[in-house]
Amino acid sequence: MIALLMRDLRLAVRAGGGFGLGLAFFLIVTVLVPFGVGPAPDLLGRIAPGVLWIGALLACLLSLDRILALDWEDGSLDLLATAPLPMEGIVAVKALAHWITTGLPLVMVAPVLGVLLNLPIDGFLWIFVSLGLGTPALSVIGTFGAALTVGLKRGGMLLSLLVLPLYVPTLIFGAEVARRGAEGLAVSTPLAMLAGISFGVMALLPFASAAVLRINLR
């Protein structure tokens with residue numbers, strides 16, 4: 001599993017789908033929002049948690065089609081299917097590699113970009129916590145969508161349409177955690193819901209993704 005993880009990390013960076021693309025898109029979204037909304041610090045502070053979460057979600061979408069497509073194209077996926085490692089473990093490693101190259105950099109840079117949106121001081125910790133807890137769910141759900149569309153020509157748009165509705169609960173509770181934390185309100189309920197979603201998809205979706213891949217490989 002470690003060897004597969006290191007391989008996927010190297011491929012992600014070489015293929016141009018690593019952390020640089022996601023961070024650049026995240027930065028562009030954060031910079032453009034103040035131009036569209038206007039120089040209103042109070043308004044920017046209120047919408048900052050939602051904007052940061054939407055930017056992180058869209059940035060994760062950019063590299064979803066690379067999770068399995070490269071292995072499908074060069075035949076590596078067929079070899080992995082015959083490896084001693086169970087397909088569920090392969091899918092879990094793929095999701096982890098995507099999170100390390102895409103989700104983790106977004107989590108680290110989000111508090112810094114929050115300064116551009118006048119995020120309240122109390123919100124810096126909670127945007128970090130909410131993204132750190134929610135972005136793994138985005139990667140796991142995205143891996144499931146990639147398994148559904150692997151092998152399809154021009155499946156990137158279809159992948160986005162399939163995955164976006166599944167992202168909505170994570171977006172709602174993640175942004176709510178950050179918003180309540182920024183306003184000094186209790187965050188226990190949305191935080192528990194966000195954690196439940198993340199742990200739930202991490203426990204169940206690798207099995208669903210593995211089943212879909214077995215069907216597509218037949």
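Every condition in (1) modelled with pLDDT under 90; (2) out of contact with any Leu (no Cβ under 6 Å at 6 or more places or on another chain); (3) closer than 23 Å to LEU158 by Cα is met by LEU58 except one, and the failing one is (1).
Do we have LEU158 as surrounded by fewer than 22 Cβ atoms within 10 Å (Cβ to Cβ), closer than 16 Å to ALA69 by Cα, free of Cβ contacts under 8 Å to residues at least 12 places away in the same chain and out of contact with any strand residue (DSSP E or B) (no Cβ under 7 Å at 6 or more places or on another chain) here? If you could, list the steps in order and put the result at the bottom.
On the way: surrounded by fewer than 22 Cβ atoms within 10 Å (Cβ to Cβ): yes; closer than 16 Å to ALA69 by Cα: yes; free of Cβ contacts under 8 Å to residues at least 12 places away in the same chain: yes; out of contact with any strand residue (DSSP E or B) (no Cβ under 7 Å at 6 or more places or on another chain): yes.
Here the answer is yes, as LEU158 does meet what is asked.
Quick check on segment 12-28. Is at least one of its residues within 18 Å of the chain's Cα centre (by Cα), open to solvent by less than 30 Å² (accessible area, probe 1.4 Å) and β-branched (Val, Ile, Thr)? No, that holds for no residue. Total residues in segment 176-202 satisfying the condition of being touching a residue at least 12 places away in the same chain (Cβ under 8 Å) and closer than 18 Å to GLY142 by Cβ: the figure is 5. Name every residue in segment 134-150 that is of a type in the set (Ser, Thr, Tyr) and either open to solvent by 10 Å² or more (accessible area, probe 1.4 Å) or more than 17 Å from the chain's Cα centre (by Cα) (or both), in order of residue number. Matches in segment 134-150: THR149 only.
Cβ-Cβ distances below 8 Å connect the following pairs, each with a first residue in segment 134-151 that is closer than 20 Å to LEU217 by Cα, a second residue that is open to solvent by 10 Å² or more (accessible area, probe 1.4 Å) and outside any helix (DSSP H, G or I), and a separation of six or more residues or different chains: ALA146/ASP65; THR149/ASP65.
State whether the residues of segment 114-133 include one that is within 30 Å of LEU70 (Cα to Cα) and open to solvent by 10 Å² or more (accessible area, probe 1.4 Å). Scanning segment 114-133 turns up at least one residue that is within 30 Å of LEU70 (Cα to Cα) and open to solvent by 10 Å² or more (accessible area, probe 1.4 Å).
The set of residues from segment 37-92 being part of a loop (DSSP other than H, G, I, E, B) and either touching a residue at least 12 places away in the same chain (Cβ under 8 Å) or buried (at least 21 other Cβ atoms within 10 Å of the Cβ) (or both) comprises LEU62, SER63, LEU64, ASP65, LEU85, PRO86.
Every listed requirement among (1) under 30 Å from LEU117 (Cβ atoms); (2) open to solvent by 50 Å² or more (accessible area, probe 1.4 Å) is met by MET6 save one, (1).
The values are calculated or read from the model by the stated rules, or taken from the named source; none is laboratory data. All values reported here derive from a predicted model rather than from experimental measurement. Don't worry about glycine lacking a Cβ; one is built from the backbone with ideal geometry, like all the others, and counts go over all protein chains shown. Note: accessible area is taken over every heavy atom of the protein model, side chains too, but ligands, DNA and RNA are not part of it. Shrake-Rupley method; radii C 1.70, N 1.55, O 1.52, S 1.80 Å.
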